[in-house]
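Quick notes on the structure that follows.
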Amino acid sequence: MRRTIVVAACAALGLTAGGCSGAGDTAASGGSSCDGKIDGKRTISTFYHGGGAEKKTFLKVVDSFNKSQDKVTVKVQSVPEGTYNDAVQAASASDKLPDVLDFDGPNLYNYAWNQDLIPLDDCLKAKTRKDLLPSIVQQGTYQKKLYGVGAFDSGVVLYAYKSALEKAGARIPKGVDDAWTAAEFTDILGKLQKAGYDRPLDPHMWYGRQGEWFSYAFSPIVQSAGGDLIDRDGYRTAAGALDKPEVVKAMKIFQSWYTKKYVNTEAQDDTPFLKKTSPIAWNGMWAYKNGYKKAAGDDLAVIPLPDFGTGSKTGMGSWQFGITRKAEDPDAAAAFLEYLLTKKSLLSMYGAVGAPPSTTEALEDTDIYAPGGPMSLVTDSLNKAPEVAVPRPQTPAYPTITQAFSQAVDDISQGKDVSGALKKAVDTIDQDIKDNDGYPVK
């Protein structure tokens, strides 16, 4: 049996696919070893992928935890994001996993299926689990058990200059229930082009197909059209979900933005939006604090993704933490996760990352994601997961799913036959599931 591990990672996020079950019909084997008490003094290890301000803040949180009590000492092993999954695979194969594992959200399903992780349901306090955002629970669940929790979540939105929209005579949606239809959005792009914006849209294709961006950012088109990357009833096939007529129609609209030259295909960074030459950007929530608000000021509008038939959808998910099967005392690891999920720790991470904290208590204390804040659209979407913020498919087949769909998006953007591109993705996904005997629960 071939075991696949997700190799995708978005350059700007880690970003996360509804339903609470993976392939097969029975619950995942294995159970939590947490018994509610830490046996003596423990030193535990954790991998960590982050860099820059994020890493510096995380290390401060670890140091604060170590000084806050005398039972558990956490030691951090930094692993570069680019080689992170290779390091995890090597550690698993050599039986040298750390006690706590840091991983991009979609990787969880393969790790849990491979029994590298243990369930957290009995490890985290009920109060802690209750305060987690619905999207965090959705992303961290496999086979109806919680295997991962993140310090923050994410979302995809449209950023636009209000003044440019006014030139095009476009209304500004007030929320997900008021989103532009796909036809309305396409019409706005055409009017912006006529108003002098030669290539009005930057969908950030320059993030690249090899990362997670294409699946994270554009699967909401599929889901808004009433389809999905895979049939989540059993996770046995993508046929009838990814290639249904409504999805083909939606992706033809997506393709039309390229054929009509609405898309800035020359962009290599955020300059087109920052300089307003492309006044609409299809981007993640991180862009607000990473230059967009500073560039646009009060002229910045944050808008939900277009509605392709069943309501506006958005991507979600980010890096998470889990306890591995190699943890000698899972309760010691759980104590660290509990500390990481405190309001103080989460707000520290928010200050460094700018992403929405993973608990309601912390999120409501932020300057941009709190109710009524300039990025509260993201909060509203995450609180409506999986109906609006849709987690990526909770199946160990996800590595193949994301690669196949990303290739389809790339092909479609380059003018290839839409039906053929989606059919190719379906065939690739279904063949992988067949090759792995349906990914039976171990």
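The values are calculated or read from the model by the stated rules, or taken from the named source; none is laboratory data. Everything quoted here is computed from the prediction, not taken from an experiment. For neighbour counting, all protein chains shown are included, and Cβ atoms are generated from backbone atoms with ideal geometry for every residue, glycine included.
Tabulated data for the structure shown
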quantity	calculated
Considering residues of region 380-424 that are among the β-branched types (Val, Ile, Thr) and within 14 Å of the chain's Cα centre (by Cα) only, the residue farthest from Trp113 (Cα to Cα)	Val388
Residue tally, condition out of contact with any strand residue (DSSP E or B) (no Cβ under 7 Å at 6 or more places or on another chain) and outside any helix (DSSP H, G or I), over region 63-112	6
Ala335, sole failed condition from (1) modelled with pLDDT of 95 or more; (2) touching a helix residue (DSSP H, G or I) at 6+ places or on another chain (Cβ under 7 Å); (3) part of a helix (DSSP H, G or I); (4) not acidic (Asp, Glu)	(2)
Number of positions in region 244-270 that are more than 30 Å from Lys434 (Cβ to Cβ) and either of a type in the set (Phe, Trp, Tyr) or assigned to a helix (DSSP H, G or I) (or both)	6
Check on Phe273, part of a helix (DSSP H, G or I), out of contact with any Cys (no Cβ under 9 Å at 6 or more places or on another chain), modelled with pLDDT of 95 or more and under 30 Å from Leu59 (Cβ atoms)	no
Any chance Pro134 is of a type outside the set (Ser, Thr, Tyr) and surrounded by fewer than 24 Cβ atoms within 10 Å (Cβ to Cβ)	yes
Subset of region 320-332 (residues that are in a helix (DSSP H, G or I) and either in contact with a helix residue (DSSP H, G or I) (Cβ under 7 Å, 6 or more places away or on another chain) or charged (D, E, K, R) (or both))	Asp331
Residue match in region 58-80 (condition: more than 19 Å from Pro399 (Cβ to Cβ), of a type in the set (Gly, Ala, Ser) and under 24 Å from the mean Cα position of the chain (by Cα))	yes
Checking Tyr439 against (1) surrounded by fewer than 22 Cβ atoms within 10 Å (Cβ to Cβ); (2) part of a loop (DSSP other than H, G, I, E, B), the condition it does not meet	(1)
Subset of region 93-106 (residues that are out of contact with any Phe, Trp or Tyr (no Cβ under 8 Å at 6 or more places or on another chain) and surrounded by 13 or more Cβ atoms within 10 Å (Cβ to Cβ))	Leu97, Asp99
Meets criteria (touching a Lys or Arg at 6+ places or on another chain (Cβ under 7 Å) and among the charged types (D, E, K, R)) for Asp231	no
Filter result for Gln193 (more than 16 Å from the chain's Cα centre (by Cα) and more than 24 Å from Phe308 (Cα to Cα))	no
Qualifying position, being under 19 Å from Val390 (Cα atoms), part of a helix (DSSP H, G or I) and of a type outside the set (Phe, Trp, Tyr), among Ala217, Ala241	Ala217
Some residue of region 295-313 being surrounded by fewer than 21 Cβ atoms within 10 Å (Cβ to Cβ), out of contact with any Phe, Trp or Tyr (no Cβ under 8 Å at 6 or more places or on another chain) and under 23 Å from Glu54 (Cβ atoms)	no
Filtered residues of region 351-383 (kept if modelled with pLDDT of 95 or more, under 23 Å from Gly50 (Cα atoms) and either surrounded by fewer than 18 Cβ atoms within 10 Å (Cβ to Cβ) or of a type in the set (Ser, Thr, Tyr) (or both))	Ser358, Thr359, Thr366, Tyr369
Residues within region 352-398 that are part of a loop (DSSP other than H, G, I, E, B) and either among the charged types (D, E, K, R) or over 23 Å from Lys60 (Cα atoms) (or both), tallied	24
Residue check, Lys127 surrounded by fewer than 20 Cβ atoms within 10 Å (Cβ to Cβ), of a type outside the set (Gly, Ala, Ser), in a helix (DSSP H, G or I) and out of contact with any Asp or Glu (no Cβ under 6 Å at 6 or more places or on another chain)	yes
Near pairs, Cβ below 7 angstrom, 6+ apart or cross-chain, from region 150-168 (assigned to a helix (DSSP H, G or I)) to any residue that is modelled with pLDDT of 95 or more and buried (at least 24 other Cβ atoms within 10 Å of the Cβ)	Ala164/Leu192; Ala164/Pro279
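Residue-wise test of (1) surrounded by fewer than 24 Cβ atoms within 10 Å (Cβ to Cβ); (2) at pLDDT 95 or above.
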residue: Gly140; (1), (2): no, yes
residue: Asp153; (1), (2): no, yes
residue: Ala160; (1), (2): no, yes
residue: Ala168; (1), (2): yes, yes
residue: Arg171; (1), (2): yes, yes
residue: Ala195; (1), (2): yes, yes
residue: Arg209; (1), (2): yes, no
